[in-house]
Number of protein chains: 2
Amino acid sequence: MVDYIGVSDIQRLVQRLGAGAFMERLAGEIEADYRRWSEFEKSARLASHSKVGVIELMPTSDGRLYSFKYVNGHPKNTAAGLLTVTAFGVLADVDTGYPLLLSELTVTTALRTAAMSALAAKWLARRDSAVMALIGNGAQSEFQAIAFCRMLGIRALRLYDVDGAATAKLERNLRALPEFAAVTLVRCRSTAEACKGADIVTTVTADKKNAVIMTPPMVSAGMHINAVGGDCPGKTELHGDILRMPGARVIVEYEPQSRIEGEIQQLEPEFPVTEFAALLGGAATGRSSDADITIFDSVGFALQDYSALRFLHALLHEERGSHRKIDLVPQLEDPKDLYGGTIGSGKRARLRLTG
Amino acid sequence: MVDYIGVSDIQRLVQRLGAGAFMERLAGEIEADYRRWSEFEKSARLASHSKVGVIELMPTSDGRLYSFKYVNGHPKNTAAGLLTVTAFGVLADVDTGYPLLLSELTVTTALRTAAMSALAAKWLARRDSAVMALIGNGAQSEFQAIAFCRMLGIRALRLYDVDGAATAKLERNLRALPEFAAVTLVRCRSTAEACKGADIVTTVTADKKNAVIMTPPMVSAGMHINAVGGDCPGKTELHGDILRMPGARVIVEYEPQSRIEGEIQQLEPEFPVTEFAALLGGAATGRSSDADITIFDSVGFALQDYSALRFLHALLHEERGSHRKIDLVPQLEDPKDLYGGTIGSGKRARLRLTG
């Protein structure tokens with residue numbers, strides 16, 4: 001039997017800790033895994049593109065555990081009442097090849113993306129950062145807001161979305177949280193207005209095109225830009241000149257993948273970037289002065305999902321009582337008798353329904 | 001909600017049709033999909049190797065449906081009472097990126113592999129083939145025996161395995177089937193003895209090494225060799241000289257993958273091979289005379305799993321009554337409100353247990 005985390009389970013697991021604490025702990029797990037970066041088998045994700053979206057597989061392994069995530073990106077889904085991004089993934093035992101856990105990763109991807117964003121900002125943003133602009137107020141935005149307020153001490157959020165209803169929804173959701181009682185929420189009329197006075201700018205827009213959400217005049221000295229929405233070929237958010245600004249430093253997750261999918265797809269392949277893992281090991285410096293502009297060109301990397309699956313698996317086994325399992329793999333008395341133990345068996349399979 | 005086929009479900013679905021009929025129908029689906037070979041997005045599978053085994057992801061898409069399979073290969077698992085190969089997979093909608101079906105594929109891989117073997121033999125073996133040697137009597141062997149007796153009219157099986165208990169298990173399972181009442185089962189003491197007088201030789205051994213299960217003296221004119229067990233780098237079954245024998249023709253599933261994983265990994269990269277799809281389209285000939293030696297150098301290709309998942313999904317929806325579904329993807333009233341619709345929801349998630 002394989003452990004199973006569905007939507008109702010992730011809801012329970014996250015609600016037990018609270019979203020902020022969940023993401024803070026997850027960020028710790030991600031950081032711990034990034035510190036052993038060299039142990040991981042890394043590859044650019046395997047993408048299947050269609051006219052309307054992309055389906056990707058993201059595998060990795062540290063030689064003990066193997067994980068992969070299935071994730072899609074379909075910007076037009078929203079119009080049909082569907083999610084832009086859905087995901088699920090599996091954690092498996094390298095020694096036996098057996099899957100250990102199948103988990104929903106739609107909610108988890110939002111949590112781990114925001115956890116990674118806040119973790120990167122802890123390493124890159126100015127220590128006195130207090131104001132964040134949040135451009136794009138869709139499915140990912142609450143997670144970013146909660147993670148940054150908890151982990152970076154953000155006290156004011158400047159919100160903008162082309163869809164005012166999205167911003168209203170974000171405000172409503174954040175206002176319901178006790179930890180946002182003392183956080184100022186400012187509705188802005190444009191990205192430029194939202195960026196004014198921001199120490200950190202987070203962009204989480206969804207269009208599958210080379211958009212120009214931010215231009216150089218919106219960037220001020222000392223700013224940290226957390227560019228999350230541009231994450232596949234032909235899908236970017238920043239004007240390329242921002243990346244080339246004097247004093248700007250671009251940090252990526254896994255360079256070979258980011259060259260294809262990140263904001264840096266707009267630049268020449270030799271454009272210098274720093275991998276996040278190099279900061280942790282001390283091999284590279286992120287911010288060297290309060291005037292530097294740091295840009296986390298985030299596309300999402302398999303290691304973050306590995307960390308999330310490992311963390312979820314541990315949380316599941318911390319719970320008292322039973323959790324759900326599914327019969328995804330046969331349990332046989334004789335492993336050489338797959339036929340006799342399954343379809344050749346006289347035992348009639350019973351139809352079992354699950355909610 | 002995503003349709004779910006677990007071990008108990010595949011047991012029910014296959015028992016309803018009977019394993020032979022199931023594989024014959026599945027072979028028809030595979031053939032139909034091979035006839036539109038050019039419509040499929042093809043790539044060599046993404047393999048993660050460890051000292052003791054391999055974990056692979058096998059995606060493909062025809063632009064309407066996307067599928068992938070997770071499959072491991074761990075020859076030493078048997079000693080620990082575990083399966084050498086376990087697998088599961090997903091069928092998804094390309095237009096939305098949403099998963100439609102999660103299915104066990106351990107049993108299904110055995111069924112589709114045997115269906116593919118018999119399909120290839122229908123195109124390659126002599127029409128009067130009646131005797132098959134079956135080398136390796138482990139988890140895959142019953143499936144091969146049933147498919148070949150049903151689809152090729154095999155009347156005698158010559159069995160050999162280094163483990164006599166495996167052969168006894170195979171005999172026991174086949175003897176329980178009415179359709180094997182008139183099939184002769186001959187226990188042999190060696191591969192050489194088993195190959196004597198065989199029209200078709202099927203090799204389904206499991207060691208992860210360059211084994212030499214068959215050598216040229218065991219091959220006779222007109223023979224069809226269905227080489228199934230050699231399927232990853234460093235895992236082969238045939239002496240390389242068999243592939244070079246005069247009158248021999250090597251047929252593979254997808255050349256770029258087979259060059260890495262098939263028996264032909266032993267040969268120079270220019271060694272001529274024919275893709276199975278080319279036979280169906282008439283672009284190439286398999287057997288040109290009754291004296292030819294045909295070798296199906298099978299490693300398993302993603303299209304076959306696509307066909308299997310598509311077939312299973314259709315069978316599931318043919319059934320009266322409800323089938324199992326899992327909450328792998330959130331269903332939201334507002335797709336932009338992932339947070340509010342899941343972990344931000346006041347509705348407390350209930351713990352639901354499934355068998």
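The values are calculated or read from the model by the stated rules, or taken from the named source; none is laboratory data. On a predicted model such as this, the values are computed, not experimentally measured, just so you know. Because the Cβ atoms are built from the backbone with ideal geometry, glycine has one as well, and the counts that use them run over all protein chains shown.
Among the residues in the stretch B:209-216, are any within 28 Å of B:PHE40 (Cβ to Cβ) and within 23 Å of the chain's Cα centre (by Cα)?
No, the conditions are met nowhere in the stretch B:209-216.
Inspect all residues belonging to the stretch B:151-162 and state whether any of them is assigned to a strand (DSSP E or B) and touching a Phe, Trp or Tyr at 6+ places or on another chain (Cβ under 9 Å).
Yes: one or more hits.
With the checklist (1) touching a strand residue (DSSP E or B) at 6+ places or on another chain (Cβ under 7 Å); (2) in the same structural domain as B:TYR70 (by TED's automatic domain parsing) in hand, flag the one item B:PHE276 doesn't pass.
Of the numbered conditions (1) touching a strand residue (DSSP E or B) at 6+ places or on another chain (Cβ under 7 Å); (2) in the same structural domain as B:TYR70 (by TED's automatic domain parsing), the odd one out for B:PHE276 is (2).
Just a yes or no: is a residue in the stretch B:231-242 within 25 Å of B:ARG189 (Cα to Cα), touching a strand residue (DSSP E or B) at 6+ places or on another chain (Cβ under 7 Å) and among the polar types (S, T, N, Q)?
yes
Only one of A:ASN77, A:ASN72 is in contact with a strand residue (DSSP E or B) (Cβ under 6 Å, 6 or more places away or on another chain), buried (at least 17 other Cβ atoms within 10 Å of the Cβ) and more than 28 Å from A:ARG150 (Cβ to Cβ). Can you tell me which?
From the options A:ASN77, A:ASN72, the qualifying one is A:ASN72.
Any residue at all in the stretch A:179-200 that is under 30 Å from A:VAL52 (Cα atoms), crowded, with 22+ Cβ neighbours inside 10 Å and within 14 Å of another protein chain (Cβ to nearest Cβ)?
Looking for residues that are under 30 Å from A:VAL52 (Cα atoms), crowded, with 22+ Cβ neighbours inside 10 Å and within 14 Å of another protein chain (Cβ to nearest Cβ), one finds none in the stretch A:179-200, hence no.
Which pairs do you get when a residue that is within 10 Å of chain A (Cβ to nearest Cβ), found in the stretch B:156-178, comes within reach of a residue that is in a helix (DSSP H, G or I) and among the aromatic types (Phe, Trp, Tyr), reach meaning Cβ atoms under 7 angstrom, with the pair 6+ apart or on two chains?
Partner pairs satisfying both residue conditions: B:ASN173/A:TYR339; B:LEU174/B:PHE180.
Counting only residues that are crowded, with 23+ Cβ neighbours inside 10 Å and out of contact with any Gly (no Cβ under 8 Å at 6 or more places or on another chain), which one in the stretch A:121-137 is farthest from A:GLY222 (Cα to Cα)?
The selected residue is A:ASN137.
What is the number of the single condition among (1) within 29 Å of A:ALA80 (Cα to Cα); (2) crowded, with 18+ Cβ neighbours inside 10 Å; (3) within 14 Å of chain A (Cβ to nearest Cβ) that B:SER307 does not meet?
It is condition (3) that B:SER307 fails.
Tell me, yes or no, whether the stretch B:68-80 has at least one residue that is at pLDDT below 95 and assigned to a loop (DSSP other than H, G, I, E, B).
Taking every residue of the stretch B:68-80 in turn, at least one turns out to be at pLDDT below 95 and assigned to a loop (DSSP other than H, G, I, E, B).
From the list B:LEU57, B:LEU91, B:LEU83, B:LEU100, pick out the single residue that is facing chain A (nearest Cβ under 7 Å) and part of a strand (DSSP E or B).
Checking each option against the conditions leaves just B:LEU57.
Tell me, which helices (runs of 4 or more DSSP H) lie completely within the stretch A:251-355 with 2 or more residues that are within 30 Å of B:ASN173 (Cβ to Cβ)?
Because the criterion is at least 2 residues that are within 30 Å of B:ASN173 (Cβ to Cβ), the helices (runs of 4 or more DSSP H) in the stretch A:251-355 that meet it are A:338-341.
Residue check: is B:GLY53 in contact with a Gly (Cβ under 6 Å, 6 or more places away or on another chain) and either of a type in the set (Gly, Ala, Ser) or not assigned by TED's automatic domain parsing to the domain that holds B:THR202 (or both)?
Judged against the criteria, B:GLY53 is a match.
Please indicate, with yes or no, whether at least one residue in the stretch B:54-61 is more than 16 Å from the chain's Cα centre (by Cα), crowded, with 18+ Cβ neighbours inside 10 Å and over 29 Å from B:ALA165 (Cβ atoms).
The answer is yes, given that some residue of the stretch B:54-61 is more than 16 Å from the chain's Cα centre (by Cα), crowded, with 18+ Cβ neighbours inside 10 Å and over 29 Å from B:ALA165 (Cβ atoms).
For residues that are part of a strand (DSSP E or B) and within 8 Å of chain A (Cβ to nearest Cβ), scanning just the stretch B:21-54, find the one that is nearest to B:GLN11 (Cα to Cα).
Residue satisfying both the conditions and the ranking: B:VAL54.
Mind listing just one residue for me: the one in the stretch B:103-143 that is polar (S, T, N, Q) and either assigned to a helix (DSSP H, G or I) or under 20 Å from B:LYS69 (Cα atoms) (or both) and, of those, nearest to the other protein chains (Cβ to nearest Cβ)?
B:THR106
State whether the residues of the stretch B:144-155 include one that is surrounded by fewer than 18 Cβ atoms within 10 Å (Cβ to Cβ), more than 10 Å from chain A (Cβ to nearest Cβ), modelled with pLDDT of 95 or more and over 14 Å from A:GLY340 (Cα atoms).
yes
Quick grid of which residues meet (1) assigned by TED's automatic domain parsing to the domain that holds B:GLY89; (2) touching a residue at least 60 places away in the same chain (Cβ under 8 Å); (3) β-branched (Val, Ile, Thr):
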| site | (1), (2), (3) |
| --- | --- |
| B:GLU255 | no, no, no |
| B:ARG259 | no, no, no |
| B:GLU268 | no, no, no |
| B:ALA291 | no, yes, no |
| B:ILE326 | yes, yes, yes |
